[in-house]
Amino acid sequence: MDLLLFEDYIKKYNAINSQEWTTLYENIKSSNKEIQEDMFGFCALVNNEEDAIKKYLKDFEWSFETNSFGNSYYQKISRNINGTFEDEISFVVGDKKDQFEYLIAYRTFNKKYDTQIEINPKLVWYENLVKVGNEYLNPVTDECMIRIANDRVEVLTQYLKNFLCTYNKACIIAFDHRRFGTIYEKIQPKQTPIGSPCSYMLYTLKKYDYKEYNVYSNIIGKAIVFPYTKCKNDSLEYLLDKKRYADFTIGIDEKTGEEITFTCDENKLANYFGANPDAPHFLTPVFFNKMVLNKYKTDTRNYAISDGHITFLDDWLIPFTINKDDKVVVWLGDLGRIPFAEQLYWKQENTTPKGEIEKNFFDQQMNNVFVDKILPEKWLFRLIQQTNDLTSKKFGDVIFSKLSEADSSIYSAFILPISNNIDEYKEFLMQFCKIIAESINKKIISKYVSKDKTLDVKGEQLGSIAQLQIFFQECNLPIAEKLIEAIKLVYNSRNKLAGHSASIKEYNKLWKRDKEHAPNWISDSKMLLNSVNDALNDLIEEL
């Protein structure tokens, strides 16, 4: 009996504006031994006019139908013009009926094809939503805004209300829900109107004699989703210049020892054109703990770390460097060009200045000088490309193949470990091996090295590093031995810690250290990277 009272839906529609999700369309039929449900809901847009909406909510009639939208046609209307009726032919687009505009189109095809449900593109375009499977996502945040199924379309209410605010519309949720049940108690038939400031429905309960059910209940009516009174939209806030700015630590007061902070709002900073002469300069270095990079190295789908820049999709970028003290350094004014939420993220790792600014970064940013590298881990990829260019010209092929599509995120994610943590070092080693060891191109080796020379004493195929060593020997490139030794150390370090059962003792043995030595993983990663980079640079000069 509880379901027959429709208390669940009555409560929902009376609080339609506070629901997390709004159902724009539903057509659900279900049944069991005790109850059968036939739920239908539809929607439309109407102008957000208070008096008209109050009048509209005085009864349960929709004033539009499911076939009011979604079909274009010509119509003939007779009009009384000065006492004479004249036929007028006009074209009906199918997106509107009187004061109503479609949000969902319920399209039928004379029962020849299944009904199709289509969403007004205005709702999809509002934040440039992208359809992924059965969801429409915000392409920046990946948050689901609209979700669809065969029998239902739902929209995130906050998204809908912002959309309505922009268009100055209200959304009508029209419904006709029916339940059939079997009960063994006497009922008193009734028909009751139920109203609220945002809904009006007619509830009906009566006897029913059909199949196995003996009672029928129904609610028919409509509810209104109102727009927000203020629109929240990134492009609007940008145009209205409502951007907020965080303060950052830029130094220490020599007298008091207190931190000196200043806003990153470039409109309040000094520049080379004479603005705000008493304020810190736009190009004031701000220092951060290296932990600030964690977010960007792990979320490679949205962020990319290149040589001297962090980018977020096509939305923003910020120049940065890492100095010898492992501090991330950016300019104060550049922090003001990233979103406020991003500024707050950086602020958590803001620290007092420590060390100098990396020279190449300074020359590039301050002196407009072309530099070949800023970060050594990104310089690695350029050296590999230079090596490949030279070997392709000289030997007809590259030495290092491109990373697979599944591993392509490594180009952005590969940076030196941020913390002295063995797990982070393991990840660094695995990525390094994919870049420099597992990408060795065996095709170029087979062109210059006979097959018998690539076999060990047991007649089994040598590994790719050993084969590359033989290739360099056959091509009379003894300088490449330095590169082979560097690659071997990367590969074997990975094996001792990440490839098999981890053993720090065996790792120390490989590095020719005391077995009880406590490695500094950051220092070791720098040594590995520098050794490979130096060896590649020497090979490039030789080639």
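Quick notes
- Degrees between helix 521-542 axis and first principal axis of the chain (Cα, 0 to 90, nearest 10): 70
- Taken about its Cα centre, the stretch 377-542 carries a charge dipole of roughly 240 debye when the Cβ of each Lys and Arg holds +1 and the Cβ of each Asp and Glu holds -1.
- Estimated [θ] at 222 nm from DSSP helical runs (n ≥ 4, -39500 (n - 2.57)) normalised by residues in the chain, nearest 500: -8500 deg cm²/dmol
- Tail fraction, Cα-Cα pairs, the chain, threshold 36 Å, whole percent: 59
- Stretchable slack from residue 452 to residue 314, in nm (0.36 nm times residue separation minus alpha-carbon distance): 44.5 nm
- Karplus-derived 3J(HN,Hα), 6.51/-1.76/1.60, for each residue of the stretch 129-135, Hz, glycine and proline x: 5, 10, 8, 10, x, 9, 9
- The aspartates and glutamates within cross-link reach of residue 453, meaning a Cα-to-Cα straight distance under 17 Å and a gap of 8 or more places when in the same chain, are 474.
- Angle between the chain longest axis and helix 481-494 axis [Cα atoms, degrees, rounded to 10]: 50
- Over the stretch 377-542, Cα pairs under 8 Å with separation of 6+ residues give a relative contact order of 28 percent.
- Cysteines of the chain lacking any other cysteine Cβ under 4.7 Å from their own Cβ: 43, 144, 171, 198, 264, 433, 475.
- Model label sites at residue 344 and residue 386, defined 7 Å from Cα along the beta-carbon direction, differ in position by 4.4 nm.
- Long pairs among 327/526; 402/447; 378/509; 458/515, criterion Cα-Cα beyond 25 Å: 378/509; 458/515
- 0 to 90° range, to nearest 10: angle between helix 422-436 axis and the chain longest Cα axis: 80
- Gain on full stretching of the segment that runs from residue 434 to residue 395 - 0.36 nm per residue minus C-alpha separation: 11.7 nm
- Exposure proxy shown here: for 477, 293, 344, the number of other Cβ atoms within 10 Å sets the order, fewest to most, as 344, 477, 293.
- Each Cα pair under 8 Å and six or more residues apart adds its separation to the average, and for the stretch 3-225 the resulting relative contact order is 27 percent.
- In this structure, the amide hydrogen of residue 270, modeled 1.01 Å from its nitrogen in the peptide plane, lies closer than 5 angstrom to those of 279, 281, 282, counting only residues at least 5 positions away or on a different chain.
- The spread of Cα positions in the stretch 377-542, taken along each principal axis and listed from longest to shortest, comes to 43, 38, 30 Å.
- Take every pair of alpha-carbon atoms less than 8 Å apart whose residues are at least six positions apart; their mean separation over the length of the chain yields a relative contact order of 10 percent.
- Of the residues 37, 254, the one with the fewest other Cβ atoms within 10 Å heads the list, and the complete ranking is 254, 37.
- Least to most buried among 397, 334, 278, 8 (fewest other Cβ within 10 Å first): 278, 8, 397, 334
- Gained length - residue 540 relative to residue 82, 0.36 nm times residue gap less alpha-carbon distance: 155.6 nm
- Here the Kirkwood formula puts the hydrodynamic radius of the stretch 243-362 at 14.8 Å, using every distinct Cα pair.
Readers should treat all values here as calculations from the given coordinates under stated rules, not as data from a laboratory. This is a predicted model, so every value here is computed, not measured. Using ideal geometry, Cβ is built from the backbone for each residue, glycine included, and neighbour counts are taken over all protein chains shown.
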